[in-house]
Each structure stands twice: as C-alpha cells, then as structure tokens.
Amino acid sequence: MVNVAQLQQEIREFAASIGIDKIGFTTAAPFVKLKDRLKQQQELNYQSGFEEPDVEKRTKPFLLLEGAESIISIAVAYPSKMADSPRGKKGERRGMFCRASWGEDYHTVLRDKLAQLELFILTKVPDARLRSMVDTGELVDRAVAERAGIGWSAKNCSIITPEFGSYVYLGEMITNLPFAPDRAMEDQCLDCTLCLDACPTGALIQPGQLNAQRCIAFLTQTKQPVPEEFRQKIGNRLYGCDTCQTVCPKNKGMNHTHQPAFTPEPERVKPLLLSLLSLSNRQFKEQYGHMSGSWRGKNPIQRNALIALAHFKDESAIPELGRLVREDARPMIRGTAVWALGRIGTEPAEEILQKVSQIEQDEAVIAEINKAMKQLSSNQKKEV
C-alpha cells in the first residue's frame, strides 16, 4: 500500500533537486467556471486558434487519463534581464524576441523535467498512470497552476508567483494518485490596472479576458499578413510581447538567472534585422531552431523584421527591401516589404515601388503598392 502523503513529500523534494522551482497539487475535478469562460471566448472569436478546440477536453481531466485523481503543477523561472544586451543604431537596427523565447525552448526543458518526475513516481508506484503536458496539451496550464497554488491568475491572464513574478513557465501532470490538494492563492492584483492600460493594441478586454486576435504575441506568430492597424504597434518585436509583464509592479526587481537553459544569447534574441531577411530555411533552423520563437518557421520572423525596419524608417534597408519585392516568391513578404518602403518614404523607395508596380501579379501585393503610392503622394502634398 502506497503512503500517498509520504510520496507527495518525496515528489516535492525530488522536484526541487531537478530544478523545478515550484510544485503544487490539485484535484482532477472538472474546471467548471473555466468551461464557461472558454465557451464565451469561442463565441466572441477571442481564441488564437492554437488551442485545443474541444472545451470538454480542456476542462475535464478524466477525459485525458482514465481514473484521474489529481494534477501536479510545476513552474520553472526564467530571466527578465540580459547581460551585455546589444544596442541597435542607425544602419544596424535590431529586433527583439520576447523573454519567453530566451535560451532553449521551454517546451523541451519542462518536458524533460516532467519526464524525470514521471520516472521517479513510477519507481515508487510502478502501476501509476501519468500524463504530462506543457503549453500545447489540452489542459489550460494557468488554470491548473492557479488551483494548485502556484500563483494567482492576474488581470493580464498570466500566473503571478510571489517568488518569481510572472516570469515562469508552466506544465502539469495528471495522475491517478490521490494527492492532497494545495490551497489556491488570493488575487493580489487588487485595483491595479497597469497591464490593461499599457497593452499596445487593447487586447486585454477586461481583467482576465484576452482577445488573442489583437494580442501582439499572437500577431507575431501568424503566418498571414499582419492587419495594417497593428503593424506600427508591433514596433521591433520579432516574436511575442512582454509589455503587460514589464509594467507589472509584481515583476519589479524580478530577474532569476539560476536556470542555465534559459540564459539568453544576445545576438540571437536581439538580432540585426537585415541579417534575418536573407536566411535560408536551413540557416534559420541552425541559428534559431533551439528557441521556442522558431516554432512557426522563418516566414513570420522575416515578416516581422520588415515591420521593424519600417518602424525605424531604416533607409539602409531600401536595397534589400527592393530585392525582396522584385525577387521573393512569397506574397506576404513582398507585400510587407512594399508597406515598409512606403513607410520609409524616400525617393529611392518610391522609385522601387513605381518599378515593381509594373511587374507585380499578386492582387494583395498590388493593393499594398497602391496604398503605399497613395500615402507617399499624400505626404508629398503635405510637404508642399
């Protein structure tokens, strides 16, 4: 007969020994209130589309593991500051990967820790049934973490821990073992609304509700052209967005660097924008494939680099933008490069647009050319 209380303590100790920063336990009972929120998100079209579409699976752990009794939630901290951060300058502008893409892909790191935890449990209880997941699984990591006492669910939809702020990665394991549940934390955001006020696109509709379709973190990952209303707001972000975390008072002074896997490589997480535009698929995978921000491939990153060059109005990029609009096979890249040329707005940029307007065949790109030319013409009239 297994002494569950003793095993639970042993799991806590083992988790700490393998670099799991926080661990909590909760029941495998259905997430009833969450189910209603998820259905509302679907009805409002606030979902990103990356989630598991079946709300039942997202809220009923017993559908994912027969005999589910409890869930173990884990959190691993990551840094918020970078030593020797490279600085961009005129002619050498840089983009930025969000903190959640610093170092090694957190999916890999947390899955490895959960695999070690599974093996430890199975050495104690060989017939235990276990199922682990990180981010891409059916369960909502934040909901599990909240109920397991890892932290509280903040207004920006992050889990905030007292020890590490919101700079933590989350994962969980469903088990058929009846562990005693930990207590959930009380909300400590109180009347603060800094994250809602600072969101560049107004994606935080209200406390705890995010319209992912407007969230820059989502927009930088899409494989389609970024809607024009959001392009200038993206700035020089290549992947993700940290604004709602960096303004949070609970994150002030939080910078935990004890996880070597997440130590950022400065030239990877703040790369020169122009250097990104000529990377082949193989080169991109070699340089960025170990980072979580590479999961959608090079196309979204290169599109975002074009938006960033437009943000800086980088005239040194005009020759490369001209090459892309003439030679690149991808309409999204050609269209975004056209928009960037229109934003930079110099005479050489206009000349390129005039020439390419005679040869472009794609309707969406032609529409971008027409808008860019119209904007340039309007700007010239204002100057006169």
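The values are calculated or read from the model by the stated rules, or taken from the named source; none is laboratory data. Remember, predicted model here, so these are calculated numbers, not experimental data. FYI the Cβ positions are ideal-geometry reconstructions off the backbone, even for glycines, and counts take in every protein chain you see.
In the list 151, 171, 95, which residue meets the criterion of being among the small types (Gly, Ala, Ser), crowded, with 23+ Cβ neighbours inside 10 Å and under 30 Å from residue 344 (Cα atoms)? Walk me through how you get there before you give the answer.
Working: 151 fails: under 30 Å from residue 344 (Cα atoms); 171 fails: under 30 Å from residue 344 (Cα atoms).
Of the residues listed, the single one that is among the small types (Gly, Ala, Ser), crowded, with 23+ Cβ neighbours inside 10 Å and under 30 Å from residue 344 (Cα atoms) is 95.
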Q) In region 227-255, which residue that is β-branched (Val, Ile, Thr) and over 22 Å from residue 288 (Cα atoms) is surrounded by the most Cβ atoms within 10 Å (Cβ to Cβ)? A) 243
Q. Quick one: what pairs do we get from region 179-192, first residue of a type in the set (Lys, Arg), second surrounded by 12 or more Cβ atoms within 10 Å (Cβ to Cβ), C-beta under 9 Å, 6+ apart or different chains?
A. 183/149
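Name the one entry in 349, 305 that is buried (at least 21 other Cβ atoms within 10 Å of the Cβ) and within 30 Å of residue 265 (Cβ to Cβ).
On the way: 349 fails: within 30 Å of residue 265 (Cβ to Cβ).
On inspection, the qualifying residue turns out to be 305.
Take the residues of region 222-279 that are among the charged types (D, E, K, R) and under 30 Å from residue 188 (Cβ atoms): which is nearest to the chain's Cα centre (by Cα)? Step through it out loud before you land on a result.
To start, the set of residues in region 222-279 that are among the charged types (D, E, K, R) comprises 223, 228-229, 231, 233, 237, 242, 250, 252, 265, 267-268, 270.
When the remaining residues are screened for being under 30 Å from residue 188 (Cβ atoms), the result is 233, 237, 242, 250, 252.
On the way: 233: 16, 237: 11, 242: 9, 250: 20, 252: 21 Å.
Out of the qualifying residues, it is 242.
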Q: Only residues that are over 23 Å from residue 184 (Cα atoms) and either in contact with a His (Cβ under 9 Å, 6 or more places away or on another chain) or part of a helix (DSSP H, G or I) (or both): list them for region 114-140, please.
A: 115, 116, 118, 119, 120, 121, 122, 123, 124, 136
(Q) Which of the numbered conditions does residue 65 fail, given that it passes all the others? Conditions: (1) under 23 Å from the mean Cα position of the chain (by Cα); (2) part of a loop (DSSP other than H, G, I, E, B); (3) surrounded by 15 or more Cβ atoms within 10 Å (Cβ to Cβ). (A) (1)
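For region 194-210: of the residues being aliphatic (A, V, I, L, M) and buried (at least 21 other Cβ atoms within 10 Å of the Cβ), which is nearest to residue 234 (Cα to Cα)? Full working, then the answer.
Of all residues in region 194-210, those aliphatic (A, V, I, L, M) come to 194, 196, 198, 203-205, 210.
Cutting the leftovers down to buried (at least 21 other Cβ atoms within 10 Å of the Cβ) gives us 203-204, 210.
Details: 203: 13, 204: 16, 210: 17 Å.
For region 194-210, the residue satisfying everything is 203.
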Q: Scan region 265-283 for residues that are small (Gly, Ala, Ser) and either crowded, with 16+ Cβ neighbours inside 10 Å or under 20 Å from residue 314 (Cα atoms) (or both) and report the count.
A: 2
Q | Among (1) in contact with a strand residue (DSSP E or B) (Cβ under 9 Å, 6 or more places away or on another chain); (2) free of Cβ contacts under 8 Å to residues at least 12 places away in the same chain - the single one residue 327 does not satisfy | A | (1)
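For residues in region 162-215 being charged (D, E, K, R) and in a loop (DSSP other than H, G, I, E, B), which is nearest to residue 47 (Cα to Cα)? Don't jump to the end; show me each part of the working.
Initial filter on region 162-215 (charged (D, E, K, R)): 163, 172, 182-183, 186-187, 191, 197, 214.
Then keep just the ones that are in a loop (DSSP other than H, G, I, E, B); that gives 163, 182-183, 186-187, 191.
Numbers: 163: 30, 182: 30, 183: 29, 186: 27, 187: 24, 191: 26 Å.
Out of the qualifying residues, it is 187.
How many residues does region 72-112 hold that are part of a helix (DSSP H, G or I) and touching a helix residue (DSSP H, G or I) at 6+ places or on another chain (Cβ under 8 Å)? Working first, answer last.
Start the filter on region 72-112 by keeping residues that are part of a helix (DSSP H, G or I), which leaves 99-101, 106-112.
Then keep just the ones that are touching a helix residue (DSSP H, G or I) at 6+ places or on another chain (Cβ under 8 Å); that gives 99-101, 106-107, 109.
Counting residues in region 72-112 that are part of a helix (DSSP H, G or I) and touching a helix residue (DSSP H, G or I) at 6+ places or on another chain (Cβ under 8 Å) gives 6.
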Q: Name the one entry in 282, 303, 296 that is among the basic types (Lys, Arg) and in contact with a Phe, Trp or Tyr (Cβ under 9 Å, 6 or more places away or on another chain).
A: 296
Q | Residue check for residue 143: assigned by TED's automatic domain parsing to the domain that holds residue 54 and assigned to a helix (DSSP H, G or I) | A | yes
Q: Could you list all residues from region 289-302 that are surrounded by 18 or more Cβ atoms within 10 Å (Cβ to Cβ) and over 30 Å from residue 163 (Cβ atoms)?
A: 298, 300, 301, 302
Q: Working only within region 179-193, note down all residues that are surrounded by fewer than 16 Cβ atoms within 10 Å (Cβ to Cβ) and either in the same structural domain as residue 109 (by TED's automatic domain parsing) or farther than 24 Å from residue 125 by Cα (or both).
A: 183, 186, 187, 188, 190, 191, 193
